[in-house]
Amino acid sequence: MKKLNAFSTTKKFYAVEHFPYGISRSGEFNQKQAKLLEEHGEAYLALSSGARLPVNGEEEDFVLACNGEKAPETDHERTWLRYCEKIQAPVVTAAFSGKPTPIKIDSYSSDEEW
């Protein structure tokens with residue numbers, strides 16, 4: 001009987017919708033976490049969403065940690081939960097002048113000539 005590897009996937013995980021310059025360049029994760037996310041993120045996503053069933057005890061524990069039924073203990077669990085926190089955190093922006101200045105836009109008609 002072949003032993004199934006935990007968190008195996010053939011696809012790299014990039015999460016460009018949240019980190020357009022890459023997970024490792026985001027500054028949110030250390031090198032080890034970024035590597036785990038890039039190599040196993042597709043499996044993490046599938047397991048946490050229920051699209052994939054756990055194949056061994058390590059993946060079962062991962063699902064329990066994702067559901068909040070147990071505290072995260074492994075690097076896989078801690079890394080995925082950190083990723084989930086980062087993508088759900090509100091984006092904070094600030095203007096350089098202290099408060100945004102409204103911009104007045106003149107009306108423009110396509111019939112007018114320049």
Out of the residues in the range 1-24 that are of a type in the set (A, V, I, L, M) and farther than 22 Å from ALA71 by Cα, which is surrounded by the fewest Cβ atoms within 10 Å (Cβ to Cβ)? MET1
ALA46 among the small types (Gly, Ala, Ser), over 14 Å from the mean Cα position of the chain (by Cα) and part of a helix (DSSP H, G or I): no
For the range 42-83 the number of residues that are of a type in the set (Val, Ile, Thr), surrounded by fewer than 16 Cβ atoms within 10 Å (Cβ to Cβ) and in contact (Cβ under 8 Å) with a residue 24 or more places away in the chain is 0
Go through the range 25-41 and give me each residue that's surrounded by 14 or more Cβ atoms within 10 Å (Cβ to Cβ) and either within 13 Å of THR79 (Cα to Cα) or touching a Pro at 6+ places or on another chain (Cβ under 7 Å) (or both). GLU28, PHE29, GLN33, ALA34, LYS35, LEU36, LEU37, GLU38, GLU39, HIS40, GLY41
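Where a number appears in this text, it was derived from the coordinates with a stated rule and is not lab data. These figures come from a predicted structure and were not determined experimentally. Using ideal geometry, Cβ is built from the backbone for each residue, glycine included, and neighbour counts are taken over all protein chains shown.
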